[in-house]
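Structure first, commentary second.
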Amino acid sequence: MENIETRLREEAARLLAEKKVDVVIGYEPGTLPLVATPCFITAPEDAGRLVFNPFCVQNLAKFVTDLIAAHRDSQKRLKKEEKTKKIIGIVARGCTSRSLVIQLQERQYGREEVVILGVPCNGYVDNKKMAALLEGQEVREGRLQGDKILVTTARMDKEILLAQVTADNCLTCRFNNPVIQDVMLAEAAPARDVSGEYAPVEKLSRLADAERWDYFMKEMDKCIRCYACRNACPSCYCRSCFVEQSQPQWIGLGPDRSDSEVFQIMRLYHMAGRCVDCGSCIAVCPMNIDLRSYLKKLDSDGWNLFGHRAGATLEEPALLSTFAESDGQDFAFEPE
Amino acid sequence: MAENQEKEDWEPKIVAIVCNWCTYAGADLAGISRIQYPSNVRILRVPCTGRINPFYIVKALQEGADGVLVSGCHPGECHYLTGNLIARRKFALLKSFLSYIGVEGDRTLFTWVSASEGERFAKVIRQVTGAVKALGPANRLVKQ
């Protein structure tokens, strides 16, 4: 880990000094212990702030579309020949690089506008799992030592194994190394056991219709429609989102439970072929909604029906922007 | 919809979203040929099945439709060449996803009817109406 950080800082400082990039998006230590927060480095001397550790949760690809959109807006009134491109350096692990692939497939920016600093990843810490182990006590101090986290709270000192608190999506991660990169900052991480990848989907599929509906309703009833999931999602980059549209108004604003359900169905469905299972939406959800069981279903359908894995390669087009003559149509209704 | 559900002689309301070039013409043919079919469908005409936002289907269910039928040209016969092939992928995923969350499979139906298949259109409507009737009034996802 130390090694990656040293290389990361060197590389970021070099890119900034050589003006190869205008900004590097990475992680810096947060203001609380055991937290890392996204940061934007614009001067080579600030590159020392960068860190990369198991507390780096959020998918940084989100900020690439944000920064590029803001930059393009700022240049709206310039003449064509005066317009410049903003080149963005980004620290990318597997899921972040897949999100970048999706944004590139969807032509949000050109490949030359991003410089990808690839990092291998062994998974990040799920704060909700950690909070459960600490019985909700506030972390006073904490540090990482090998594969253990040493935590001090007001009432106890605890040693937590990293594997105990690794997020679910990381435990069965198929792409823990970047799929595209300009520089790889360390040796590739060892492959994970992906056999349990679709376990949540299989579990839910075994239930009867009505039970699945009850589970869906129970989960979505928690939704307070804060839209944090959408705001954290690197695939949700639309300037105007369907939830805020008023002509037509897709989602009612009242307390009707069907509105939350419809919002969730549509946000989830928008992730068909676009969800990289980075877990950002789950990490930011204040109500702890089980979004993963549903996102994984779309992922497994994409793979089983069309042999497509979201953001796996830049060579293939996006799942729903293409078709094959041989696509299955068993789902179609055939009158007798 | 609430008042509809209370009635004893309940009849389903089915939204049929059909493409202008094949199924709508097929429905026209069924009409011209005086083929009888149940009057439970409300037809919405769109240029192509590829134009249908999957949201239409979810929204129709939320607003109280007991069933949604989507029908277009047979694959390979799209007026716009590939519109229905793109739609086919979307609908395969949507149907699978909706039944996964627990909306009954027979509430969302997809089929192909060409302009010359008036008889097939009537048959589809008869059977879809029967299938939705068998399920009873929609109560999942419906706005109260």
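No lab work stands behind these numbers, since they all come straight from the coordinates. Just so it is clear, the structure is predicted and the values come from calculations on it, not from any experiment. With ideal geometry, Cβ positions are generated from the backbone for all residues, glycine too; neighbour counts draw on all protein chains shown.
How long, wide and thick is the stretch B:16-65, going by the Cα atoms along their three principal axes, in whole angstroms, largest first?
Cα extents, longest axis first: 33, 23, 8 Å.
Using alpha carbon centroids, what distance separates the stretch A:32-78 and the stretch A:227-257, in Å?
24 Å
For the protein assembly as shown, give the share of DSSP beta bridges that are antiparallel, in percent and rounded to the nearest 5; count only bridges with both residues there.
Roughly 45 percent of the beta bridges in the protein assembly as shown run antiparallel, per DSSP.
Run lengths n ≥ 4 of DSSP H only: what is the helix-derived mean residue ellipticity at 222 nm for the protein assembly as shown, with -39500 (n - 2.57) per run over all residues, to the nearest 500?
Here the helix-only value at 222 nm equals -11000 deg cm²/dmol.
With 5 Å bins from zero, work out the P(r) of the stretch B:12-135 over every alpha carbon pair and list the percent per bin.
2, 12, 23, 24, 21, 13, 4, 1, 0
Which whole-angstrom value gives the distance between the alpha carbon centres of the stretch B:102-144 and the stretch A:266-280?
Going from one Cα centre to the other spans 28 Å.
Taking 1 over the mean of 1/r across every pair of different Cα atoms in the protein assembly as shown, what Kirkwood radius in Å do you get?
By the Kirkwood definition, the hydrodynamic radius is 24.7 Å.
Give the peptides B:15-25, A:12-22, A:95-105 in descending order of average Cβ contacts within 10 Å, highest first.
Order by mean packing, descending: A:95-105, B:15-25, A:12-22.
With r defined as the distance between the Cβ atoms of A:A163 and A:A131 and R0 fixed at 22 Å, what FRET efficiency is calculated, to the nearest 0.05?
FRET efficiency, A:A163 to A:A131: 0.80.
Students often get this wrong: which residues of the stretch A:113-130 have the backbone nitrogen under 20 Å from the point 7 angstrom along Cα-to-C-beta of A:Q75?
The answer is A:113-116, whose backbone nitrogens lie closer than 20 Å to the label point.
Any idea how far apart A:S205 and A:L150 come out in nm if each label point goes 7 Å out from Cα toward Cβ?
Distance between label points: 4.6 nm.
From Cα pairs below 8 angstrom and at least 6 apart in sequence, can you work out the relative contact order of chain A, rounded to a whole percent?
17 percent
Can you put A:I282, A:I25, A:I224 in order, fewest other beta carbons within 10 Å first?
Taking fewest neighbouring Cβ atoms as first place, the list is A:I224, A:I282, A:I25.
Give the peptides B:56-64, A:320-328 in descending order of average Cβ contacts within 10 Å, highest first.
Final packing ranking: B:56-64, A:320-328.
Give me B:V142, A:V119 ranked fewest to most by other Cβ atoms within 10 Å of their Cβ, as a rough exposure proxy.
The most exposed by this proxy come first: B:V142, A:V119.
Assuming R0 = 35 Å, can you tell me the calculated FRET efficiency for the pair B:S33 and A:K218, based on Cβ-Cβ distance, to the nearest 0.05?
0.10
Spit out the partnerless Cys residues in chain A, using Cβ distances under 4.7 Å as the pairing rule.
Taking the Cβ cut-off of 4.7 Å, the unpaired cysteines of chain A are A:C39, A:C56, A:C121, A:C170, A:C173, A:C223, A:C226, A:C238, A:C241, A:C275, A:C285.
Let me check I have the definition right: for the stretch A:181-331, take the eigenvalues of the Cα gyration tensor, multiply each by 5, take square roots. What are those semi-axes in whole Å, largest first?
Those come to 27, 20, 19 Å.
Could you give the nm distance between label points at A:M184 and A:L171, where each point is 7 Å from its Cα heading toward the beta carbon?
In this crude label model, A:M184 to A:L171 measures out at 2.8 nm.
If you take every residue apart from B:Q36 with its C-beta less than 13 Å away from the C-beta of B:Q36, what net charge results, scoring Lys and Arg +1 and Asp and Glu -1?
Result for the neighbourhood of B:Q36: +2.
Among the lysines, which have Cα under 29 Å from the Cα of A:K76 when same-chain residues fewer than 8 positions away are ignored?
A:K19, A:K20, A:K62, A:K85, A:K86
Within the stretch B:12-135, count lysine pairs with alpha carbon atoms under 21 angstrom apart where the residues are 8 or more positions apart or belong to different chains.
Taking the Cα cut-off of 21 Å, the pair count is 9.
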